[in-house]
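What follows is one structure encoded as C-alpha cells, with my remarks underneath.
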Amino acid sequence: MKVVIIKGNLDELNEFFNLISTTANRGLQINDIILKNLSDGKIDDSNFTMLSIVNVVKFAIKEFAFEDKGQKNLVTLNLSDDFEFFGSETLMIYVLFNLLKNALHHKAKIEISLDSKNKKLHFKDEGLGIPSDKLESIFDSFVTSGKSGGTGLGLPFCKKVMLAFGGDIICKSQKGNGAEFILRF
C-alpha cells in the first residue's frame, strides 16, 4: 500500500518538476527575446511554426504563476472552437501572461474566448477599465498607468509580437467597465 502511495506521489512530483523546468526555460527564452528586441527592434520569425491557439492558451493557463487557487478561478476559458496561427508558442504565452498579470493585478474576473471564423482571441476582464484619455497610448513604450512598479514595456511588446505574427492587438475599454483586448491573427 505504501509503495503505491509513494509511486503516485513520485509521478506527481515528476510532473511538477517538469513544469518548473519548462517554465524556467521559457522565462530565459523570453528574457533573451526581449533583450534582443530592445537592441534591434525586430522579432526574429525564423522559428515560427503553425500552432493551435487552444493548445497555447491552455498551456499558458497551466504554466502561469497564479498566487492561489482563488486567483486561478477568476479565469474562465471559452475555447469551443480552435484555429491555427503562424507564430511562436513562447511569444504567445508571453502575451497571455502579460494580459493575465495586468488583469489579475486588479483581482478582475477574466474571460478568454475565441472567434475561430475571424481568427481572433478575445481577452476580456471585469477590472477598473482604462480611461479614454489613456487608451490611445497603452501600446506606447514606457507608458504605464494604474499600477506601481510597471515599466510600460509589456503591452508595447505584446503589440510587436502580434504584428510579427501578421496580426494585431487592440483594446476596447471604458473606465469602470473593464477592458477587452482583441488579438487578431
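No value in this document is a laboratory result; all are computed from the given coordinates. Predicted model only: the values in this text are computed from it and were never measured. All Cβ positions, glycine included, derive from the backbone under ideal geometry; neighbour counts span all protein chains shown.
Between Gln174 and Asn14, what's the calculated FRET efficiency when r is the beta-carbon distance and R0 is 35 Å? Round to 0.05.
That gives a FRET efficiency of 0.15.
Could you check the simple spin-label distance between Leu77 and His105, using points 7 Å along Cα→Cβ, in nm with one decimal?
Result for the modelled spin labels: 2.5 nm.
Please order Ile93, Ile112, Ile182, Ile170 by the number of other Cβ within 10 Å, starting at the fewest.
Ile170, Ile182, Ile93, Ile112
Taking every Cα atom in region 72-185, find the radius of gyration and the maximum pairwise distance Dmax, and write them in Å.
When restricted to the Cα atoms of region 72-185, Rg and Dmax are 13.5, 38 Å.
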